[in-house]
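Have a look at the structure below, then the notes.
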Amino acid sequence: MVVADDKQSLTITGNGDVLEPHDGIIAIGSGGSYALAASRALIDIPELTAIEVAKKAMTIAADTCIYTNHNFTTETLDSKQELED
């Protein structure tokens, strides 16, 4: 399971361990390692938003991993600052 807010991202393992990535990028699932590598390559492109990086990385993972498909669901939450405005 992945949990995140506007400041940090964490992975909760099946054993209940809470893991924090060193670079703030998390990927899970059968294509997770492919998506993680793609995200790390794309994150330095300043024109891309976080959601664009995620979608491109998941597409790369789906193109590479036979167990990953191209059906993605994304959900975004308003940040606290946006809610206060």
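Where a number appears in this text, it was derived from the coordinates with a stated rule and is not lab data. Values in this document were obtained by computation on a predicted structure and should not be read as measured data. Quick reminder, even Gly has a Cβ in these numbers, built from the backbone with ideal geometry, and neighbours come from all protein chains shown.
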Could you work out the local net charge near Ala38, counting Lys and Arg as +1, Asp and Glu as -1, over the other residues with Cβ closer than 14 Å to its Cβ? -1
Pick from Glu52, Glu20, Glu75: which residue has the top mean-square fluctuation in a GNM of the chain where Cα pairs under 10 Å get a spring? Glu75
Computed helical MRE - 222 nm, the chain, DSSP H runs ≥ 4 contributing -39500 (n - 2.57), nearest 500: -11000 deg cm²/dmol
Give me the net charge of Ala62's neighbourhood, meaning all other residues with Cβ under 13 Å from the Cβ of Ala62; Lys, Arg count +1, Asp, Glu -1. +1
Based on a Kirkwood Rh over C-alpha pairs, give the Stokes-Einstein translational diffusion coefficient of region 29-74 at 25 °C and viscosity 0.890 mPa s in µm²/s. 235 µm²/s
Go from 0 up to the bin containing the longest alpha carbon distance in the chain, width 10 Å each, and give me the % of pairs per bin. 16, 44, 33, 6, 0
Report relative contact order for the chain in percent, whole number only (criteria: Cα-Cα under 8 Å, sequence separation at least 6). 20 percent
